[in-house]
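The values are calculated or read from the model by the stated rules, or taken from the named source; none is laboratory data. From a predicted model like this one, the values you see are computed outputs, not experimental measurements. Every residue, glycine among them, receives a Cβ derived from its backbone with ideal geometry; neighbour counts consider all protein chains shown.
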Amino acid sequence: MHQKADIPQIDYWYYIENIIKEVLQTYGYREIRTPAFEHTELFVRGIGETTDIVNKEMFTFQDRKGRSLTLRPEGTAPVVRAFLEHNMSRENPLAKLFYLGNMFRCEKPQAGRYRQFNQFGLEAIGSQSPLIDAEIIQASLEIYKKIGLADLKLIINSVGCRKCRPKYLKALKDYFRDRKELLCSDCRERYDKNPLRILDCKKKQCQKEVKNSPTIFDYLCEDCKNHFRKLREYLDSLEITYQVNPLLVRGLDYYTKTAFEIISGELGSQNAIGGGGRYDYLVEELGGKYTPSVGFAAGIERIVSTMEKQAVRIPSWEGIKVFVATVSSEDNSSALKIVKQIRENGVSAEMDFLDKSIKAQMRLANKLNVSYVLIVGQEELKEQKVTIKNMSNGQQEKVAISKILPYIKTSQEE
Ligand code: AMP
């Protein structure tokens, strides 16, 4: 186990990725890998024409035949595209999938916000039950917990459905009509295109106006109200604590009913470590039949950064165990064979590739902090032996080549 200062970044990534895979297997989610880019149309239709992602943040380019392609800015639309293309509902009425991969958004880079970043996400395609919303939230929180993160907050909301949301949008427009001039320029645009997004504007002037705006809870239809009530009931029975925030709307148009976000106090202004929600009409929007679904996505860089800030301890790469040194270049073939034999038995081994003197090889072995140095020389080879130096106590012993592994393994266990 290592402390923050000496943990290479890659060890965090291995650690996080392993936990994601382990936990999601216990929930029955299977990994899906989709391409890094898709037809632009998929994101325009899926995420929504009025969203910041589609309007300002996509890396879009033309291929040689003039087709418009886009580096994926998020994982849900590509997963749904693959779900439809491969007719996955035929095998299983509820497809439970997860992904891990890089995403691209042309945003202003700052701490916690990058133009290429990594997400893991899970999608449950095919159920309208709030039970599956609860499961997705539970699985995400379990991953964070296994990773070792503390003090995370879950915020939930319902953003309504096709039936009730238009009434709420109208009420919002009525409310903001006379206040439009008091809003920031982005929100003035949002007023026409997507008034819901005014609710989560970070600007003080807008937040002031949002304070007394109509609340979604007065407009939800019976179905949405029941769905949200049931979700809270299931979260309570799982003993998951949450805050309800009617202003949580999220940046993608496809959300319906449940919207949620997990935030970490450690992350400053980019405090969302993950978020998700229901997208009951996305499959339909992309050409399939009505297939209610729910999903979640989290940024891996933000998880790593929270881990660093919370000094989460993780197992780290143990380094090289054995260095095989040669007395002269004549011994290279034998050393190569010995290294191969050690590695094949699952023990890490290294040798010299730079024609170093035996002294320099010993210095390198020291630097690598190996447990054993095996010295291969003509004298020892005549007897089918090598000299093994135990680096922790300095003792040296001649050992038969056939006994190297049992020797290393037994002394390792002592
Ligand atoms: P979203 O798809 O916008 O709901 O984002 C889901 C999660 O991905 C967020 O909660 C962040 O943790 C992470 N994320 C989104 N955009 C970025 C970005 N530009 N850089 C790093 N992480 C991001």
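Across region 287-318, what is the total count of residues that are more than 18 Å from the chain's Cα centre (by Cα) and within 10 Å of the ligand (Cβ to nearest atom)? Adding up the residues that qualify gives 0. The set of residues from region 379-402 being assigned to a strand (DSSP E or B), over 15 Å from A365 (Cα atoms) and of a type in the set (A, V, I, L, M) comprises V386, V399, A400.
When C224 is tested against (1) modelled with pLDDT under 90; (2) in contact with a strand residue (DSSP E or B) (Cβ under 7 Å, 6 or more places away or on another chain), exactly one condition is not met: (1).
Taking region 117-140 as the range and being within 30 Å of K225 (Cβ to Cβ) and either within 11 Å of the ligand (Cβ to nearest atom) or of a type in the set (V, I, T) (or both) as the test, the residues that pass are G121, I125, I132, I136, I137, S140. Restricted to helices (runs of 4 or more DSSP H) entirely inside region 157-264, those with at least 1 residues that are aliphatic (A, V, I, L, M) are 165-177, 204-210, 222-237. The set of residues in region 132-147 that are surrounded by fewer than 22 Cβ atoms within 10 Å (Cβ to Cβ) and in contact with a helix residue (DSSP H, G or I) (Cβ under 6 Å, 6 or more places away or on another chain) comprises E142, K146, I147. For region 374-414, give me the residue count where each residue is under 18 Å from E330 (Cα atoms) and under 42 Å from the mean Cα position of the chain (by Cα). Adding up the residues that qualify gives 1. Every residue in region 51-95 that is among the β-branched types (V, I, T), in contact (Cβ under 8 Å) with a residue 24 or more places away in the chain, in contact with a strand residue (DSSP E or B) (Cβ under 9 Å, 6 or more places away or on another chain) and closer than 16 Å to C106 by Cα, please. If the condition is that a residue be among the β-branched types (V, I, T), in contact (Cβ under 8 Å) with a residue 24 or more places away in the chain, in contact with a strand residue (DSSP E or B) (Cβ under 9 Å, 6 or more places away or on another chain) and closer than 16 Å to C106 by Cα, then T70 is the only one that fits. Under the condition of being more than 21 Å from K398 (Cβ to Cβ), not hydrophobic (A, V, I, L, M, F, W, C) and not in a helix (DSSP H, G or I), the residues counted in region 318-351 number 5. Yes or no: I240 within 12 Å of the ligand (Cβ to nearest atom) and within 25 Å of the chain's Cα centre (by Cα)? When the stated conditions are applied, I240 does not pass them. Just give me the residues in region 59-116 being within 16 Å of the ligand (Cβ to nearest atom), among the acidic types (D, E) and farther than 22 Å from L282 by Cα, in sequence order. Passing the criteria: only E107. Just one of the numbered conditions (1) assigned to a helix (DSSP H, G or I); (2) farther than 30 Å from R250 by Cβ; (3) modelled with pLDDT under 95 is not true of E308; which one? All conditions pass for E308, except number (2).
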